[in-house]
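Below is one structure, written out as structure tokens, with a few remarks after it.
The values are calculated or read from the model by the stated rules, or taken from the named source; none is laboratory data. Just so we're clear, the structure is a prediction, and the values are computed from it rather than from any experiment. Neighbour counts are summed over all protein chains in view; Cβ atoms, including those assigned to glycine, are modelled from backbone coordinates with ideal geometry.
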Amino acid sequence: MLRGCIPKKLLIYGAHYADYISDARNFGWTIDAHHNWETLINNKNIELDRLHEIYKGVLKNNNVITFKGVGNIIDEHTISIGGNNITAENLLIAVGGWPSTPDIPGIENVISSNEALELKELPKTIAIVGGGYIGVEFASIFASFGVQVTLVMRGDYILRGFDSDIRKKLQNEMAKRNISIINNTVVKGIKKFNGKFKLETENTEDLVSDLVMYATGRTPNVSGLVSASLDMDKEKSGAIKVDEKFRTSIPNICAIGDVTDRIQLTPIAIQEGTSVSERLFNSNDIRVDYKNVPTAVFSSPPLAFVGLNEEQARDACGDKVDIFESEFKPLIHTISGRDERTYMKIIVDRISDKILGVHMVGIDAPEIIQGIAIAVKMGAKKRDFDSTTGIHPSSAEEFVTMKNKR
């Protein structure tokens, strides 16, 4: 969290000011603005240090003994840290994931999201390889600070696995922000070239940039974690295999979070940790429900959704699916002059009227979808949305005023 979502979101907040300043002109504000990247990075690190101390205090106040070092599980009750052995009745693995990169020539020349969060200065140009949420978010961040961004990906559109409509809508909006998106492209190698880096590709011209970032996924951080003498089952991906109570194949050892390769979200890892602690210490068998987990991509503009995408809904319900959607220019941009549109989509089971999925691209999408996720989790129906009074004028009211099917 302190090396991922929190610092990333702080950079995104910083990036938003580029929009605020630009949009302010047509609202009558004259602002002579200059950005200092070093100041942002320093203040981001100050905030992370503050949070780190808070978390240390929480552990101390709850009588948790901490050991600093690299740990290795040597048997079902023992962890070795720096030559010291620590024993416990139960062990919990929560070591997260780590950026993964392909084995191609010159891969040592690239950075990952880890290094992107600590850049001392901004490059003039950057090539980001990977169209997942990390690549999309960092493309938005760097572009907002004036970096010329090229996003390179294997697929036709960004965010594979997301609803096809919101993938296309967001990609269109990113292109408006001068983010060059090169699809259906595989990078074969990376070479240093006149103080820059050249990406050699299979099917397009070679690309040259000041910096190359890879955002091609994350893998469970299990290297050297478990002694070879312990027979702990793993998935093909290397993730630790667990049951519904997060027990590994060694019953008194549990694992949670990205190391299990289920849903790679911080709130999910927190819920899983709560489930383990409640079961072990309070005899409370809390299970984690992985249905209708709200998800956000903090791009520019942001994207968020809860529930099924249209493809999944049609797989489940066939042709008995109704689609409601709305696309419009948000009120703020009627004066700001920014060419940015908001898109909303509701997917409904025609037979039961139950809402299967809600998707949005546009300003405040994560904040709006968080509230809607409660309704979807509770089994809301389309008529419940229809009978809800909207807050006017707001973008969110569109979700309760959509009456026409696609």
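Some points to look at:
- Gly318 passes every criterion in (1) out of contact with any helix residue (DSSP H, G or I) (no Cβ under 7 Å at 6 or more places or on another chain); (2) over 30 Å from Ser22 (Cα atoms); (3) touching a residue at least 60 places away in the same chain (Cβ under 8 Å) apart from (3).
- Summed over segment 339-363, residues that are within 19 Å of Ala24 (Cβ to Cβ) and crowded, with 17+ Cβ neighbours inside 10 Å total 2.
- Any hit, segment 268-284, residues being assigned to a loop (DSSP other than H, G, I, E, B) and out of contact with any Leu (no Cβ under 7 Å at 6 or more places or on another chain): yes
- Flag if Arg25 is more than 30 Å from Asn178 (Cα to Cα) and not in a loop (DSSP other than H, G, I, E, B): no
- The requirement of being under 25 Å from Val376 (Cα atoms), hydroxyl-bearing (Ser, Thr, Tyr) and touching a residue at least 40 places away in the same chain (Cβ under 8 Å) is not satisfied by Ser275.
- None of Gly83, Gly71 is within 30 Å of Ile256 (Cβ to Cβ), loosely packed, with under 11 Cβ neighbours inside 10 Å and of a type in the set (Gly, Ala, Ser) except Gly83.
- All helices (runs of 4 or more DSSP H) inside segment 296-406 with 1 or more residues being polar (S, T, N, Q) and at pLDDT 95 or above: 310-317, 331-336, 365-377
- Restricting Ile346, Ile351, Ile372, Ile368 to those that are more than 30 Å from Asp23 (Cα to Cα) and either of a type in the set (Val, Ile, Thr) or not assigned by TED's automatic domain parsing to the domain that holds Tyr17 (or both) reduces the list to Ile351.
- Every test in (1) among the acidic types (Asp, Glu); (2) over 30 Å from Ile346 (Cα atoms); (3) in contact (Cβ under 8 Å) with a residue 60 or more places away in the chain is passed by Asp258 save one, and that test is (2).
- For first residues located in segment 14-34 and within 15 Å of Ile363 (Cβ to Cβ), partners that are of a type in the set (Gly, Ala, Ser) and at pLDDT 95 or above and lie 6+ apart or on another chain with Cβ distances below 6 Å form the pairs Ala15/Ser144; Ala18/Ser144; Asp23/Ser336.
- Long-range neighbours under 7 Å by Cβ, at least six apart or interchain, first residue basic (Lys, Arg) within segment 354-373, second surrounded by fewer than 17 Cβ atoms within 10 Å (Cβ to Cβ): Lys354/Gly379; Lys354/Lys381
- Test result for Ala304, touching a strand residue (DSSP E or B) at 6+ places or on another chain (Cβ under 8 Å) and either within 23 Å of Ser223 (Cβ to Cβ) or surrounded by fewer than 16 Cβ atoms within 10 Å (Cβ to Cβ) (or both): no
- Verdict on Ser140 being assigned by TED's automatic domain parsing to the domain that holds Pro123, over 23 Å from Leu308 (Cβ atoms) and free of Cβ contacts under 8 Å to residues at least 60 places away in the same chain: no
- Residues considered: Asp49, Asp32, Asp23. Of these, the only one that is under 23 Å from the mean Cα position of the chain (by Cα) and acidic (Asp, Glu) is Asp49.
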